[in-house]
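A short reminder: the numbers here are calculations on the coordinates, not readings from a lab. Just so it is clear, the model here is predicted, and its values are computed rather than measured. Every residue, glycine among them, receives a Cβ derived from its backbone with ideal geometry; neighbour counts consider all protein chains shown.
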Amino acid sequence: MKKFLILIAALSCVVGFTSKTFTDTSEHWAKDYIAAMAQEELLLGYSDGSFQPDRAISMSETYSIINRMFNFNSFQPQDVEGFRQYKDKWFYNDLLAAYTAGYLRDDEFADRSITRLEVARILSRLYTLEDEGGDFVESSELNTSDRLILRRLEGAKIFNGYADHTFKPHAPITRAEFSKVITLAQRTLQPRSAESAYAELKSLLENLNTIDVNGLSPETIERLNTIITRTYSNELPTESEMRGWIADLKIIFASNTASSDPLSPEAPLAPPTDVEDPSPITPAPSSAEHYLRILTKDTAGVAVPATITLNHATFVPGLYPEGKYLLEVQALNKKPYTTFIDLSSDTELDITLEDMPKAYLRLTLNSPYLHAASGLEYKDGARVTVTIDVPEGMKVDRLIVNGNTKGVLSDEYSFIITEDTTIDVEFTAQTS
């Protein structure tokens, strides 16, 4: 078996100089961090034996380094609008891998130096951050999300800022500073994972009942409904999407506190709604109230009894005050259904409930060159790693996952399994 490597050509003057001793770092404050990065061959020196610690590092170098650190080595070939102009660049596949892994969004990349704030954002997507530190001088100029990121990185002692308590968020990060924060993050922080992102996202959605829906704008409600629909769809969102949604939800939670519900939480509980209820929709007596009826069915169109709540009070067909409501539906052996509705007229909702996923999902490998060390059965949402044994003189042409082509940067393909999955591989001759 031959392991195949992706060789990356960075700046023309950078070579594989990996000695822990450089000609210009012996007295530098970051010499130990630089040595650690060089030891792991994450950040190399120059052909003259220097490291140039105070030189800025580029965005493309950053994503290439992070991908190697975390073994983010697979991607789905796709036309991402924000990356389209870089298709002929050496770092294009690294952009796709970073996008697939979830720490790069499609509107964030530019072929320039990366700033201190941009590195902080990346770290917040890669690692679990909990303890909060203090604010920097420029914190009031930043949005809520960025301010929280910097407080948590300061609390974790990863980014400490400068002696005058400034952070210089928009200044390019130097190779020395980058070496420090990456080394400290590797040593002290717990990496996030796609599984943890999925779990965090679902946990946030399960706590939507703490939000005062009447305090949400129509745009926010539309955004929340998109997040809910995509999270519970059969196709798992990309990690990039999940990280973005988590950030959105945290901002919504932070800026919205629950107030009294339009429906009394003390209302007596009713039995599950009978979807065959023939009650006709009757006109509302005034513009302030509207008739609401909800029908539930399975994917075959067959009526399904379900328990339905509006703002956590049991739903029964009838008149409700005009306004916004959190709608939650539960039925036996069906996926929970959650959405927001804006009741402004007499309404009949027709909701389709999907089957609950199987306890175990099956992985089928249609090539003797594919192996999964952890077996062929997995729980829904588990991370699966498939190893590719590349024949001598060959290279991977493409990986086919449930009929869709995937790209790979190394001899492993990792993904989150959400359905029975079949994988095949095709090779082509290695050219010199």
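Once the Cβ-Cβ distance of Asn207 and His165 is raised to the sixth power relative to R0 = 35 Å, the FRET efficiency obtained is 0.50. Partners of Lys395 within straight-line reach, counting aspartates and glutamates whose Cα lies under 15 Å from its Cα and excluding those fewer than 8 residues away in the same chain: Asp411, Glu412, Asp424, Glu426.
When the charge dipole of the range 360-429 is built from unit charges on Cβ atoms (+1 for Lys and Arg, -1 for Asp and Glu) and taken about the Cα centre, the candidate among Gly375, Thr428, Phe415 whose Cα reaches farthest toward its positive end is Phe415.
Simple spin-label estimate for Asp131 and Asp397 gives 5.4 nm between the two label positions (7 Å along the Cα-to-Cβ direction from each Cα).
Shape class for the range 360-429, computed from the alpha carbon gyration tensor (a ≥ b ≥ c): prolate, with a/c not under 1.5 and a/b above b/c.
Once the Cβ-Cβ distance of Leu44 and Asp111 is raised to the sixth power relative to R0 = 30 Å, the FRET efficiency obtained is 0.90. The spacing between the range 379-416 and the range 322-358, judged by their C-alpha centroids, is 37 Å. Exceeding 25 Å between C-alpha atoms, which entries from my cross-link table qualify? They are Lys250/Lys379; Lys87/Lys406; Lys180/Lys202; Lys31/Lys87. Check vs 25 Å cut-off fails for Lys250/Lys379; Lys180/Lys202; Lys31/Lys87. If you wrap the tightest convex hull around every Cα atom of the range 29-93 and split its volume per residue, you get 117 Å³. Along the axis of the charge dipole computed for the range 17-68 (Cβ charges of +1 for Lys and Arg, -1 for Asp and Glu, origin at the Cα centre), the listed residues Tyr63, Ala35, Thr23 are led at the positive end by Tyr63.
Temperature 10 °C, viscosity 1.306 mPa s: under these conditions the Stokes-Einstein estimate for the range 122-163, based on its Kirkwood radius over C-alpha pairs, is 154 µm² per second. Here the simple spin-label model places points 7 Å from the Cα toward Cβ, and for Asn366 and Gln430 these points are separated by 2.6 nm.
Averaging Cα coordinates gives a centre for the range 92-140 and one for the range 27-48; these two points are 22 Å apart. Here the range 360-429 is assigned +1 on the Cβ of each Lys and Arg and -1 on the Cβ of each Asp and Glu. Its dipole about the Cα centre then comes out at about 160 debye.
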